[in-house]
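The structure under discussion appears below in the form of structure tokens.
The values are calculated or read from the model by the stated rules, or taken from the named source; none is laboratory data. Note that the structure is predicted; figures quoted are calculated from it, not measured. Here the Cβ positions follow ideal geometry from the backbone for every residue, glycine too, while neighbour counts run over all protein chains shown.
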Amino acid sequence: MNTTELENMNRNILADNLKGTATAPGNIQHTIFARVEDAITASYDAYKKYMAEPLALRTRIITALKEELAPWIKEMSERAAEETGMGNAPDKISKNTAALNNTPGIEDLTTSALTGDGGMVLFELSPFGVIGAIAPSTNPTATIINNTISMLAAGNAVYFSPHPGAKKVSLWLIEKIEDIIYRVSGIRNLVTTVAEPTFDATREMMSDPRIALLVVTGGPAIVNMAMKTGKKVIGAGPGNPPVLVDETACPVKAAKDIVDGASFDHNVLCTAEKCVIVVDSIADRLVENMQKNDAFLVKTPGDIARLRQVVINDKGEANKKLVGKSPAVILQAADLNTSTAPRLIIVEVEQDDPLVMVEQLMPVLPVVRVRDFETGLALALKVENDQHHTAIMHSQNVSRLNLAAKTMQTSIFVKNGPSYAGLGIGAEGFTTLTIATPTGEGTTSARSFARKRRCVLTNGFSIR
């Protein structure tokens, strides 16, 4: 038995002995605290210990998280779906699995150097300290997993502020994460939270001087609140992703991809297709094939009006009671009957319809016909509303794909695939659940949660 194995065995024994001393949430002296101040104090102390450890420990922690959380993916997905009432467990399993297996670790922290007659300059990525991370109710467990791996890989400790609507599953997961970290590292409280996550608790966390960085995965109001603190903020803002389909696209594949993406987890992902803009000459074939992929077409003006009335409230906002609900629930709310169980609701409307311009986070997908690609691209820009979040396009014309990508300037641009391909789900690239468009980082990973440091050695250090 080598030294590392002996050290880990001793830590496991110690952790098992300490488990028996834990009390109910609110009185636990680690992980879940009664007071924000105590949780941040514990995280700050843990960060200082973590900084003294070698990089190899970060990798061991991440490896253990990926191995030991895997058996809990199904349960955490079911818990999240049940508690929040949004999305569905099977798709959450895919989302949580991607977050766990496809989030990069310390390999994301690249080092660069410049050498010359005057010496050497080394650029390295170092931690901020304690990060205050705000998680949403739409993607609670996937965001916590994704952020934990990325932030710990960068060398930080994390205070999580979960959404109250996902409190139970979030605290359950955070406690499991912290237990795994402790058994590997012997360091308590690298990940903490409070027993009662509230708006006031979040505001208190934001104002604490020991919080070095705020990472907000939520709505525009909470991002704006974070920006006013004067701290460094990485903020994930709203999106209203259009999907543009020109006449060169394959209607069979495009239809399947669009339905797959827009129906995934009942459309709670901010990256999901929110509006289809299709060139008229291919529109009939696209809609027909979407129906073949279990999309339900609402046709008559009266039915469309009833659907619009339940989806968009009197203030012109999405009906929060239906966010993330199934198509069956939404159709029932609109008093529309179907003998099937559709994956998605589609409806043909005009380009200025509220269903087009309002981000819904529901499996309701408006379809707008346009005369040509140029008109469609102009409308896609209007629908996306300069939020630079996500856009999707289906086309076999490479020049048009490139033009649309350059024109839209979104953090994620998916070509000829479902929207979730942009999150590294079923496609190339790492997985991220924090897409920081307002603050400019885009798809975040470990390097996003580190600061660049410059180290200079003078008097020559070049062998060229």
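Go through the stretch 110-124 and give me each residue that's surrounded by 15 or more Cβ atoms within 10 Å (Cβ to Cβ) and either without any contact (Cβ under 8 Å) to a residue 60 or more places away in the chain or not hydroxyl-bearing (Ser, Thr, Tyr) (or both).
The initial filter retains those residues of the stretch 110-124 that are surrounded by 15 or more Cβ atoms within 10 Å (Cβ to Cβ), namely 115, 120-122, 124.
Answer for the stretch 110-124, where residues must be surrounded by 15 or more Cβ atoms within 10 Å (Cβ to Cβ) and either without any contact (Cβ under 8 Å) to a residue 60 or more places away in the chain or not hydroxyl-bearing (Ser, Thr, Tyr) (or both): MET120, VAL121, LEU122, GLU124.
Within the stretch 435-463, which residues are surrounded by 10 or more Cβ atoms within 10 Å (Cβ to Cβ) and charged (D, E, K, R)? Working first, answer last.
Step one: list which residues in the stretch 435-463 are surrounded by 10 or more Cβ atoms within 10 Å (Cβ to Cβ), which gives 435-453, 455-457, 460-462.
Of everything in the stretch 435-463, those that are surrounded by 10 or more Cβ atoms within 10 Å (Cβ to Cβ) and charged (D, E, K, R) turn out to be GLU441, ARG447, ARG451, LYS452, ARG453.
Could you figure out which of (1) at pLDDT below 95; (2) in a loop (DSSP other than H, G, I, E, B) isn't true of VAL121?
Against the list (1) at pLDDT below 95; (2) in a loop (DSSP other than H, G, I, E, B), VAL121 comes up short only on (2).
With the checklist (1) surrounded by 24 or more Cβ atoms within 10 Å (Cβ to Cβ); (2) in contact (Cβ under 8 Å) with a residue 40 or more places away in the chain; (3) more than 19 Å from ARG453 (Cα to Cα) in hand, flag the one item ILE144 doesn't pass.
Checking ILE144 against (1) surrounded by 24 or more Cβ atoms within 10 Å (Cβ to Cβ); (2) in contact (Cβ under 8 Å) with a residue 40 or more places away in the chain; (3) more than 19 Å from ARG453 (Cα to Cα), the one that fails is (2).
Select, from ALA15, ALA24, the only residue that is small (Gly, Ala, Ser), at pLDDT below 95 and touching an Asp or Glu at 6+ places or on another chain (Cβ under 8 Å).
Exactly one residue qualifies, and that residue is ALA15.
When the residues of the stretch 408-464 are filtered to those that are among the aromatic types (Phe, Trp, Tyr) and part of a helix (DSSP H, G or I), which remaining residue is farthest from LEU381 (Cα to Cα)?
PHE449
For the stretch 324-339, give me the residue count where each residue is touching a Phe, Trp or Tyr at 6+ places or on another chain (Cβ under 7 Å) and farther than 14 Å from PRO363 by Cα.
Count: 1.
Between residues in the stretch 296-309 that are in a strand (DSSP E or B) and residues that are modelled with pLDDT of 95 or more, which pairs lie under 6 Å by C-beta distance while being six or more apart or on different chains?
Listed by first residue and then by second, the contacts come to PHE296/PRO342; PHE296/ILE345; LEU297/GLN291; LEU297/ILE346; VAL298/ILE304; VAL298/LEU307; VAL298/VAL347.
Is it the case that the stretch 391-399 has a residue that's in contact with a helix residue (DSSP H, G or I) (Cβ under 6 Å, 6 or more places away or on another chain) and farther than 30 Å from ILE330 by Cα?
Filtering the stretch 391-399 for residues in contact with a helix residue (DSSP H, G or I) (Cβ under 6 Å, 6 or more places away or on another chain) gives 391-395.
Applying the additional criterion that residues be farther than 30 Å from ILE330 by Cα yields 395.
The answer is yes, given that some residue of the stretch 391-399 is in contact with a helix residue (DSSP H, G or I) (Cβ under 6 Å, 6 or more places away or on another chain) and farther than 30 Å from ILE330 by Cα.
Output the residue which, of all residues in the stretch 248-289 that are of a type in the set (S, T, N, Q) and over 29 Å from the mean Cα position of the chain (by Cα), is surrounded by the most Cβ atoms within 10 Å (Cβ to Cβ).
Of the stretch 248-289, the ones of a type in the set (S, T, N, Q) are 248, 263, 267, 271, 281, 289.
So of that shortlist, the ones also over 29 Å from the mean Cα position of the chain (by Cα) come out as 248, 281, 289.
Values: THR248: 14, SER281: 12, ASN289: 19.
The extreme case among them is ASN289.
Just checking, which of ALA254, ALA201, ALA226, ALA166 is in contact with a Gly (Cβ under 9 Å, 6 or more places away or on another chain) and either in the same structural domain as GLY132 (by TED's automatic domain parsing) or modelled with pLDDT of 95 or more (or both)?
Going through ALA254, ALA201, ALA226, ALA166 in turn, just one is in contact with a Gly (Cβ under 9 Å, 6 or more places away or on another chain) and either in the same structural domain as GLY132 (by TED's automatic domain parsing) or modelled with pLDDT of 95 or more (or both): ALA226.
In this structure, is GLY429 under 24 Å from LEU125 (Cβ atoms), modelled with pLDDT of 90 or more and surrounded by fewer than 22 Cβ atoms within 10 Å (Cβ to Cβ)? Talk me through it step by step, then tell me what you get.
Details: under 24 Å from LEU125 (Cβ atoms): yes; modelled with pLDDT of 90 or more: yes; surrounded by fewer than 22 Cβ atoms within 10 Å (Cβ to Cβ): yes.
It is true that GLY429 is under 24 Å from LEU125 (Cβ atoms), modelled with pLDDT of 90 or more and surrounded by fewer than 22 Cβ atoms within 10 Å (Cβ to Cβ).
Identify, please: which residue in the stretch 324-335 is in contact with a Leu (Cβ under 9 Å, 6 or more places away or on another chain) and crowded, with 20+ Cβ neighbours inside 10 Å and is, among those, nearest to VAL252 (Cα to Cα)?
First, pick out the residues of the stretch 324-335 that are in contact with a Leu (Cβ under 9 Å, 6 or more places away or on another chain): 324, 327, 329-331, 333-334.
Next, only the ones that are crowded, with 20+ Cβ neighbours inside 10 Å stay: 324, 327, 330-331, 334.
Details: GLY324: 26, PRO327: 22, ILE330: 26, LEU331: 26, ALA334: 29 Å.
Only one residue tops the list, namely PRO327.
Take the residues in the stretch 177-204 that are touching an Asp or Glu at 6+ places or on another chain (Cβ under 8 Å) and assigned to a helix (DSSP H, G or I), then tell me which one is surrounded by the most Cβ atoms within 10 Å (Cβ to Cβ).
Filtering first and then ranking leaves SER185.
Yes or no: GLN360 assigned to a loop (DSSP other than H, G, I, E, B), touching a helix residue (DSSP H, G or I) at 6+ places or on another chain (Cβ under 8 Å) and either assigned by TED's automatic domain parsing to the domain that holds LYS256 or modelled with pLDDT of 95 or more (or both)?
Working: assigned to a loop (DSSP other than H, G, I, E, B): yes; touching a helix residue (DSSP H, G or I) at 6+ places or on another chain (Cβ under 8 Å): yes; either assigned by TED's automatic domain parsing to the domain that holds LYS256 or modelled with pLDDT of 95 or more (or both): yes.
Yes; evaluated as a whole, the condition is true for this residue.
Select from the stretch 200-225 the residues that are under 20 Å from LYS168 (Cβ atoms) and without any contact (Cβ under 8 Å) to a residue 24 or more places away in the chain and list them in ascending order.
If the condition is that a residue be under 20 Å from LYS168 (Cβ atoms) and without any contact (Cβ under 8 Å) to a residue 24 or more places away in the chain, then ASP200 is the only one that fits.
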